[in-house]
Amino acid sequence: MYWINCFFVYSVLGNLLELLFAYMIGAKAESGFLYGPWTPIYGIAAIIIILISEKLFKNLHMNRLIETIIVCFILTIILTGLEWLGGVLIEICFGYSFWDYTNMKFNLGKYVCLEFALLWSFMSIVFIYIVRPFLDQFVKRIPKFVTFIVIAFFIIDLFLTFMINGKLFVIN
């Protein structure tokens, strides 16, 4: 249940963070492709960050600074790749793009740019050292019945999103 709860808690927090960012820059306040208050890419990213930072590097007994630099570098590459994959899949499934970095100075196509790669790098370190230690006990204490209710709502949200907006499933 811990991993499922991590997925949902950080999907909701990522959604809120993105909405706050949009509000601050005066952009359209919209996050994710689902109807609910979650953006799954943030939940997936949080799980990847936890697995890499704790499971992969936990027993290597490295200098903390060197470990942080290596983890940061690996996560930057993985999270940037995840952003690219998310952009491509959303375009394939729904026929539109939620973001487009072609106007950014250091873009690598439509879905990836250096500026956001560096942001993911910074945010992964903030997540590892500040956010996760602060929220981990909360995540561990979420009752199972709450998790099951959230799973049910999430599945309904996925179904509705793909049936109403998806290009992969067509209802005649």
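Just so you know, all these numbers are worked out from the coordinates, no wet-lab data involved. These numbers come from a predicted model, not from an experiment. When we count neighbours, we look across all protein chains shown, and the Cβ atoms used for this are built from the backbone with ideal geometry, even at glycine.
Values computed for the structure shown
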| quantity | calculated |
| --- | --- |
| Within the stretch 104-150, tally of residues that are in a helix (DSSP H, G or I), touching a residue at least 40 places away in the same chain (Cβ under 8 Å) and more than 17 Å from the chain's Cα centre (by Cα) | 5 |
| Lone qualifier among Ala152, Ala117 - being over 26 Å from Trp84 (Cβ atoms) and aliphatic (A, V, I, L, M) | Ala152 |
| Every residue from the stretch 1-53 that is among the charged types (D, E, K, R) and surrounded by fewer than 15 Cβ atoms within 10 Å (Cβ to Cβ) | Lys28, Glu30 |
| Test: residue in the stretch 57-78 that is over 25 Å from Ile151 (Cα atoms) and within 12 Å of the chain's Cα centre (by Cα) | yes |
| Cross-chain or 6+ apart pairs with Cβ under 8 Å, the stretch 76-99 first and assigned to a loop (DSSP other than H, G, I, E, B), then small (Gly, Ala, Ser) | Ser97/Gly87; Phe98/Gly32; Phe98/Gly87; Trp99/Gly87 |
| Condition met for Ala22 (more than 18 Å from Asp136 (Cα to Cα), of a type in the set (Gly, Ala, Ser) and not in a loop (DSSP other than H, G, I, E, B)) | yes |
